[in-house]
Amino acid sequence: MNLFRNIFKPTKSDTSKATTLTPPSQGEFLPCYNMPTDEKFLSNFKINGGKFLYCITLDEVFGALDNILIENDWYETDVSCNNELLKSKFSGYNLNFEGDIRSSSFFFSTCESLIANNGSILFSSNQLKEIRLSNYPKNIIVFATTSQLIEDIGDGLRNIKMKCNGNIPNNITAIKNFTVLDEKNFMSYGSSSKNLYLLLLEDL
């Protein structure tokens with residue numbers, strides 16, 4: 001993706017670390033311009049409160065996940081995960097991937113798409129089964145690739161329909177509030193908010 005490669009190209013002295021991205025700033029009085037899909041997603045995702053780690057190699061993904069687990073003291077804890085490939089790929093972290101949703105430290109998942117125009121992440125029953133997203137742990141780690149970046153939710157629904165041979169799965173939902181709100185504050189009642197980390201692997 002042009003934004004990621006041009007701005008955050010790794011140097012020879014530091015190619016083993018994932019990069020936490022910060023969207024480029026734009027002056028208040030500068031004219032608006034049509035941002036590329038990747039830049040638009042990055043900007044909106046950060047505004048929504050998401051934590052974004054861009055990785056060029058799978059080894060960088062492993063390193064980024066290791067840092068997240070250390071930062072939050074999530075090693076040797078229960079994890080909710082519905083994806084067998086994720087369980088296999090990340091089996092070396094001493095995590096219990098069969099953890100109960102109610103007691104798990106975090107939900108580890110893939111997603112359907114990354115939606116640029118509002119910085120949200122699209123899920124379906126392919127990731128959530130038939131369980132509402134609000135019933136999963138407040139902490140979520142999503143593993144996705146740059147090829148999943150799309151412009152809007154309509155593109156995401158079309159992609160799901162094509163992938164499932166015309167049969168749209170149940171439980172399709174998008175989340176775009178990644179700042180966990182105070183549960184004691186009645187103004188936040190009913191809000192679907194999650195503390196979300198996005199591990200984004202370059203595959204284009």
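If you take the C-alpha gyration tensor of region 63-126, multiply each eigenvalue by 5 and take the square root, what semi-axes do you get, largest first, in whole Å?
After diagonalising the Cα gyration tensor, the semi-axes are 22, 15, 12 Å.
Overall, region 76-173 carries a charge dipole of about 140 debye about its Cα centre when +1 sits on the Cβ of Lys and Arg and -1 on the Cβ of Asp and Glu, all other atoms neutral.
Amide H contacts of residue 179 (H built 1.01 Å from N, in plane; Pro and chain starts excluded): 194 sit under 5 Å, all sequence-distant by 5 or more or on other chains. Considering every Cα-Cα pair within region 47-204, what fraction, in whole percent, is farther apart than 26 Å? The proportion of pairs with Cα distances above 26 Å equals 24 percent. Kirkwood radius and radius of gyration were both taken over the C-alpha atoms of region 137-182, and their ratio Rg/Rh is 1.02. Residue ranges 108-115, 131-138, 119-126 sort as 108-115, 119-126, 131-138 when ordered by packing (mean number of other C-beta atoms within 10 Å per residue, highest first).
Readers should treat all values here as calculations from the given coordinates under stated rules, not as data from a laboratory. Everything numeric here is computed off the predicted structure, so don't read it as measured data. In this analysis, Cβ positions are derived from the backbone assuming ideal geometry, glycine residues included, and neighbour counts consider all displayed protein chains.
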